[in-house]
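Novice: One structure, as structure tokens, below. Some questions next.
All of the numbers you see were taken from the coordinates with simple rules; none came from a lab. In this text the structure is predicted, and so the values were computed from the model without any measurement. With ideal geometry, Cβ positions are generated from the backbone for all residues, glycine too; neighbour counts draw on all protein chains shown.
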Amino acid sequence: TDYVARYAQEVRASRAEFCRYLKSIGIPYVPSKSNFVLTRVGPNAPEIARRLREQKILVRDWSYDPHLKGYLRFTIGTTAQMRRLLRGLARFRSMLESQNGAHAWRNFVTYSSTGWFS
């Protein structure tokens with residue numbers, strides 16, 4: 001029980017740090033309370049995902065979904081895992097398409113007033 005509580009706390013802290021990083025470089029993301037963050041990186045999403053996979057960093061590419069083209073889903077892990085992800089993303093920063101505003105994701109997906117994607 002103690003291990004799970006510590007791990008959950010570490011994931012929450014990692015998620016907050018990851019979102020701050022995304023915001024600092026202008027990458028829109030869907031605010032999350034879960035162990036993943038959905039981000040819009042633009043038309044290079046499949047290539048970025050492929051290159052991260054080559055580095056043994058697994059991400060989910062959602063470009064097959066017409067409503068989520070250009071989106072990657074990052075699972076939030078331990079501090080060490082997230083450092084590795086950030087180093088990997090830094091290598092492809094020129095491929096990331098940034099937007100103004102932390103909530104620019106609303107421009108790219110169908111969003112309902114209830115807060116759920118439709």
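Novice: Considering only ASN44, ALA16, SER63, whose Cα is most displaced toward the positive end of the charge dipole of region 13-86, charges sitting on Cβ of Lys, Arg (+1) and Asp, Glu (-1)?
Specialist: Result: ALA16, furthest along the dipole toward the positive end.
Novice: Using a ≥ b ≥ c from the Cα gyration tensor of region 20-100 (square roots of the eigenvalues), is it rounded, prolate or oblate, where a/c under 1.5 gives rounded and otherwise the larger of a/b and b/c decides, a/b for prolate?
Specialist: rounded
Novice: Still on this structure, I have one more. Assigning unit charges at the beta carbon (Lys, Arg +1; Asp, Glu -1) and nothing else, what dipole magnitude in debye, to the nearest 20, does region 26-91 show about its Cα centre?
Specialist: Computed about the Cα centre, the dipole is about 240 debye.
Novice: Using only the Cα atoms of region 7-61, build the gyration tensor, take square roots of its eigenvalues as a ≥ b ≥ c, and label the shape rounded, prolate or oblate: rounded if a/c is under 1.5, else prolate if a/b is larger than b/c, else oblate.
Specialist: Oblate shape, in that a/c is at least 1.5 and b/c is the bigger or equal ratio.
Novice: Between SER34 and ALA13, with labels modelled 7 Å along Cα→Cβ, what's the label distance in nm to one decimal, could you check?
Specialist: Label at SER34, label at ALA13, 2.4 nm between them.
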